[in-house]
Amino acid sequence: MKHTPSRAALAAVACLGLLFGGLGAITPAGASFTDAATAAAQLNWNRVWNQQLKPKADRRYYTKAKSNRRYYTKRQTDSTFYSRTESDARYETRHQAYRGTYFISGNGAGSLVSDSISYGATLAVAPTAHYIRLGDPVPAGCSGSASAPNADPGHLCVFEANAVNVGPRYVTDTTFAPNTATPTGAYLFATVAAAGNGYYAGTWVLRPGGSVTVTNSRQAPSLGRVGAEIGR
């Protein structure tokens with residue numbers, strides 16, 4: 001029956017081989033192997049371990065005490081940090097922002113000047129919509145300006161940058177109630193105030209507040225035929 005030596009036995013043989021080889025190297029010429037074996041037997045093996053072998057091992061590995069001082073234990077980690085499930089349940093996911101620009105014009109007093117915003121995505125619920133006229137204070141839920149528009153989750157903010165010869169401007173859903181929107185988009189509308197041309201222009205930003213289904217990941221959201229971008 002074939003006998004396979006254990007790893008410990010092989011390690012012991014290897015260590016003895018290295019030791020005897022070292023002793024042979026320092027044994028004066030003519031000294032016998034018996035003398036080398038006798039010298040090895042007289043070695044303080046505890047000292048060899050503590051002074052030569054153990055320090056090398058300690059430099060490669062942390063002791064349990066060092067590891068506990070350096071790293072959190074599982075119990076400490078569980079009590080200090082949220083798991084992914086706990087974090088997802090506690091905090092709302094911050095969605096990317098959808099941004100775009102608009103320029104809408106018309107001619108003739110009383111003429112309707114309108115266009116539509118399409119997010120390029122379907123929201124779980126319609127956002128709270130705001131139309132911020134030039135010079136008006138920025139309402140809660142919106143931040144920034146026409147040149148750098150931003151919104152809180154669940155808000156659509158339409159910033160006006162310019163308006164000439166137009167009456168009141170609104171953002172609305174299909175009921176044409178001011179400051180409303182749908183889960184897929186909204187409408188901007190106004191009327192030309194007097195004879196001649198009238199127009200209004202600016203930027204908009206939407207940040208979803210719940211789940212989002214992207215209608216077409218390759219198609220940016222838009223205002224009518226004007227392109228837009230998706231960002232943070």
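The values are calculated or read from the model by the stated rules, or taken from the named source; none is laboratory data. Quantities reported herein were computed from a predicted structural model and do not represent experimental measurements. So basically every Cβ, Gly included, is an ideal-geometry build from the backbone, and we count neighbours across all protein chains shown.
Please work out which residue is surrounded by the most Cβ atoms within 10 Å (Cβ to Cβ), limiting yourself to the stretch 77-101 and to residues that are at pLDDT below 70 and assigned to a helix (DSSP H, G or I).
D88
Among residues belonging to the stretch 164-190 that are out of contact with any strand residue (DSSP E or B) (no Cβ under 6 Å at 6 or more places or on another chain) and touching a residue at least 40 places away in the same chain (Cβ under 8 Å), point out the one that is surrounded by the fewest Cβ atoms within 10 Å (Cβ to Cβ).
D173
From the list A126, A161, pick out the single residue that is touching a residue at least 40 places away in the same chain (Cβ under 8 Å) and either surrounded by 18 or more Cβ atoms within 10 Å (Cβ to Cβ) or part of a strand (DSSP E or B) (or both).
Being touching a residue at least 40 places away in the same chain (Cβ under 8 Å) and either surrounded by 18 or more Cβ atoms within 10 Å (Cβ to Cβ) or part of a strand (DSSP E or B) (or both) holds for just one of A126, A161, which is A161.
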